[in-house]
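Contents: one structure, followed by commentary.
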Amino acid sequence: MSAQIIDGKLLASNVRAEWKRRAVKLTEQGLRPGLAVIMVGDNPASEIYVRNKVRACSEIGIHSEVHHFFGNTHQNEVLDCIRILNHNQHVHGILVQLPLPLHYANNQVITSIAIEKDVDGFHLYNVGALVTGNTNFAPCTPYGVMTMLEQHHIAIEGKHAVIVGRSNIVGKPMAMMLLEHGATVTICSSKTRDLSYFTRSADILVVATGQPQMVTAEMVKPGAVVIDVGINRLPDGQLCGDVEFGSVREVAGYITPVPGGVGPMTITMLLCNTILAAERCQQNASI
Ligand code: GUN
């Protein structure tokens with residue numbers, strides 16, 4: 001039997017409609033949510049991501065501003081910009097688009113963002129908060145995946161969740177969130193020997209490797225939930241995920257498509273986190 005498709009585009013549009021009401025309410029009360037995006041250099045993928053984020057902000061009623069620096073900018077100049085944004089009352093969320101140029105110290109830049117404006121959830125404080133079950137801002141991609149599972153009433157407790165990919169942006173926070181919901185979690189990476197041994201035992205399989213169509217039907221347990229975080233462009237120009245969709249959908253119980261799966265949810269959760277940051281700001285002002 002063919003897997004049920006988890007339609008990220010539809011889900012994202014439902015979630016955005018709900019959060020738009022919250023953004024409108026704040027704006028009517030005189031506090032328009034605002035997001036500042038910092039980009040350094042001209043990574044083509046980052047340029048597309050940033051453009052999509054700005055467009056999504058405008059559609060939901062969030063003020064957005066992009067601070068785009070040349071790739072050879074000294075890190076201190078970016079830190080100065082973040083310091084000013086930390087004190088800007090029109091900006092409730094600050095996001096530094098990754099990757100940064102190689103000569104940058106990522107953690108120094110990210111930890112200069114005010115904790116209450118770190119809508120990516122990448123600040124070391126917020127990472128620690130997540131790990132200890134005190135989430136302040138959930139990182140957007142794993143947050144989007146959790147929302148997909150929740151909306152499809154997919155039980156997590158007691159399940160074996162296998163994550164392929166150990167990045168700070170996706171793999172590690174994804175593992176923490178699934179663990180927090182009672183899953184038994186295995187994190188695999190490109191170094192894992194006999195990857196299929198692990199993936200075949202997964203009830204929930206999250207793939208974030210950046211390797212086009214690397215997960216094939218033989219690697220998937222019948223009925224498993226398969227979440228494809230990858231987005232890759234094939235030589236013929238077509239977009240594809242890290243999962244071979246055509247064959248895996250015949251084995252899995254649920255599967256996310258690419259495009260139209262996790263991607264739209266990631267941006268949606270960024271919008272939610274920004275509106276949440278603005279709501280908290282309003283609450284703190286009224287205390
Ligand atoms: N680069 C790729 N994904 C992300 C993300 O979720 N946030 C940021 N800031 N940069 C990214």
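The values are calculated or read from the model by the stated rules, or taken from the named source; none is laboratory data. The shown structure was predicted, so the numbers you read here are calculated from the model rather than taken from an experiment. Reconstructed Cβ throughout: ideal geometry from the backbone, glycine too, with neighbour counts over all protein chains shown.
Observations
- Once the range 125-148 is narrowed to residues that are of a type in the set (Phe, Trp, Tyr) and in a helix (DSSP H, G or I), the residue that is farthest from residue 177 (Cα to Cα) is 125.
- Strands (runs of 3 or more DSSP E) enclosed by the range 151-220 - at least 1 residues per element that are surrounded by fewer than 22 Cβ atoms within 10 Å (Cβ to Cβ) and either in contact (Cβ under 8 Å) with a residue 24 or more places away in the chain or not aliphatic (A, V, I, L, M) (or both): 160-164, 184-188
- Condition check for residue 156: within 15 Å of the ligand (Cβ to nearest atom), within 21 Å of residue 266 (Cα to Cα) and of a type in the set (A, V, I, L, M): no
- Residue count for the range 26-43, restricted to those that are surrounded by 13 or more Cβ atoms within 10 Å (Cβ to Cβ) and either in a helix (DSSP H, G or I) or of a type in the set (Lys, Arg) (or both): 3.
- In the range 241-287, of all residues being touching a strand residue (DSSP E or B) at 6+ places or on another chain (Cβ under 9 Å) and of a type in the set (D, E, K, R), the one that is surrounded by the most Cβ atoms within 10 Å (Cβ to Cβ) corresponds to 242.
- Hits in the range 6-23 - residues which are surrounded by fewer than 16 Cβ atoms within 10 Å (Cβ to Cβ) and closer than 24 Å to residue 249 by Cα: 9, 10, 13
- Annotation for the range 125-132: no member residue is near the ligand (Cβ under 10 Å from one of its atoms), at pLDDT 95 or above and over 28 Å from residue 23 (Cβ atoms).
- The lone criterion from (1) more than 16 Å from the ligand (Cβ to nearest atom); (2) under 22 Å from the mean Cα position of the chain (by Cα) left unmet by residue 24 is number (2).
- Every residue from the range 68-96 that is part of a loop (DSSP other than H, G, I, E, B) and within 25 Å of residue 31 (Cβ to Cβ): 87, 88, 89, 90, 91, 92
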